[in-house]
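Novice: Before anything else, here's the structure in question.
The values are calculated or read from the model by the stated rules, or taken from the named source; none is laboratory data. Note that the coordinates shown come from a computational prediction; the quantities given were computed from them, not determined experimentally. Positions of Cβ are generated from backbone atoms using ideal geometry, with glycine treated the same way; all protein chains shown enter the neighbour counts. SASA here: full protein model, heavy atoms, side chains in, ligands and nucleic acids out. Shrake-Rupley method; radii C 1.70, N 1.55, O 1.52, S 1.80 Å.
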Amino acid sequence: MHILIINPNTTWSMTEKIGACARSVVRAGTQVTAVSPAMGPASIESHYDEALAVPGLLQEIAKGEQSGVDGYVIACFGDPGLKAARELARGPVVGIAEAAMHMASMVGSHFSVVTTLGRTMGQAWHLAEIYGMQRFCANVRACELPVLELEVPGSNARERITDECRRALAEDGCDSIVLGCAGMADLCKQLQQTLGVPVIDGVAAATTMVESLVQLGLSTSKQGELARPLPKAMSGALAGFTLAPPSRP
Ligand code: 2AL
């Protein structure tokens with residue numbers, strides 16, 4: 001089984017960290033490749049960044065389809081381009097926010113999301129709402145930590161995240177923590193040990209979910225909404241995104 005993890009930002013140090021975390025949770029025999037798109041923002045912490053990350057992300061899905069990938073993880077907590085990716089992919093595509101929230105709902109009564117910048121909190125609440133997870137989401141909190149600070153050796157990111165998780169557990173009435181950024185994946189185990197409650201990293205959650213879906217022979221339904229998009233002209237910088245017409249059986 002081959003799982004492609006797409007970090008939709010173009011910071012390869014984060015991509016490598018994400019890949020290592022995903023590899024640490026899969027079964028022997030499952031191959032994990034982690035990539036960043038060839039174009040897009042260095043980090044994703046606004047709706048603008050998210051929108052501009054999607055074309056490069058879709059290119060990686062298209063390449064994955066050519067090379068026989070069995071399933072995909074979108075490794076950014078805004079789950080950018082998730083539905084469009086599902087339209088292109090044959091196998092399952094899972095976003096880290098949806099995976100983390102669903103797993104958290106199974107190991108506790110309420111979770112709090114601890115994320116990077118305050119401006120991303122609205123998207124986390126929006127996703128909790130559209131996934132039907134609002135009922136489990138006690139709060140969304142931010143450390144006012146720019147995403148790329150997670151990549152700076154010796155930064156105090158770990159301490160700031162730990163402190164915010166402690167405040168969440170003291171004040172929100174939550175009993176588990178969902179990490180609100182793929183760049184926090186490497187902090188998960190130690191945070192769980194320190195805090196003594198379930199801490200869910202979406203990269204590990206989504207990777208194991210994709211592995212399970214593929215194992216069960218479940219792929220993305222091609223009937224209705226998630227069918228391959230209709231081919232049409234794409235112009236300007238998007239000319240390369242024109243889809244080939246479906247091949248005749
Ligand atoms: C993220 C994430 O997971 N990757 C990224 O670049 N931005 N999410 C976030 N809330 O900061």
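Novice: Looking only at the range 1-49, which residues are near the ligand (Cβ under 9 Å from one of its atoms), surrounded by fewer than 21 Cβ atoms within 10 Å (Cβ to Cβ) and in a helix (DSSP H, G or I)?
Specialist: Listed by number, the list holds a single entry, Asp49.
Novice: Filtering the range 153-164 down to residues that are open to solvent by 70 Å² or more (accessible area, probe 1.4 Å) and part of a loop (DSSP other than H, G, I, E, B), which residue is farthest from Ala20 (Cα to Cα)?
Specialist: That would be Asn156.
Novice: With the requirement that a residue be farther than 25 Å from Arg86 by Cβ and without any contact (Cβ under 8 Å) to a residue 60 or more places away in the chain, what does the range 3-23 give you?
Specialist: Those that are farther than 25 Å from Arg86 by Cβ and without any contact (Cβ under 8 Å) to a residue 60 or more places away in the chain: Trp12, Glu16.
Novice: Pick from the range 165-181 the residues that are part of a helix (DSSP H, G or I) and open to solvent by less than 20 Å² (accessible area, probe 1.4 Å): which of them is farthest from Pro198 (Cα to Cα)?
Specialist: If we take residues in the range 165-181 being part of a helix (DSSP H, G or I) and open to solvent by less than 20 Å² (accessible area, probe 1.4 Å), then Ala168 is farthest from Pro198 (Cα to Cα).
Novice: For the range 187-199, name all the residues that are more than 14 Å from the ligand (Cβ to nearest atom) and either on the phi < 0 side of the Ramachandran plot or at pLDDT below 95 (or both).
Specialist: The answer is Lys189, Gln190, Leu191, Gln192, Gln193, Thr194, Leu195, Val197, Pro198, Val199.
Novice: From the set of residues in the range 57-78 that are buried (at least 20 other Cβ atoms within 10 Å of the Cβ) and without any contact (Cβ under 8 Å) to a residue 60 or more places away in the chain, which is nearest to the chain's Cα centre (by Cα)?
Specialist: Gly78
Novice: Moving on. Evaluate the following for Ala85: is it surrounded by 24 or more Cβ atoms within 10 Å (Cβ to Cβ), small (Gly, Ala, Ser) and either closer than 30 Å to Leu169 by Cβ or at pLDDT 95 or above (or both)?
Specialist: The answer is yes for Ala85.
Novice: Oh, and also: Given the criteria more than 13 Å from the ligand (Cβ to nearest atom), among the charged types (D, E, K, R) and more than 25 Å from Met1 (Cβ to Cβ), does Arg135 qualify?
Specialist: yes
Novice: In the list Met209, Met184, which residue meets the criterion of being crowded, with 18+ Cβ neighbours inside 10 Å and away from the ligand (no atom under 16 Å from the Cβ)?
Specialist: After ruling out the rest, the residue left standing is Met209.
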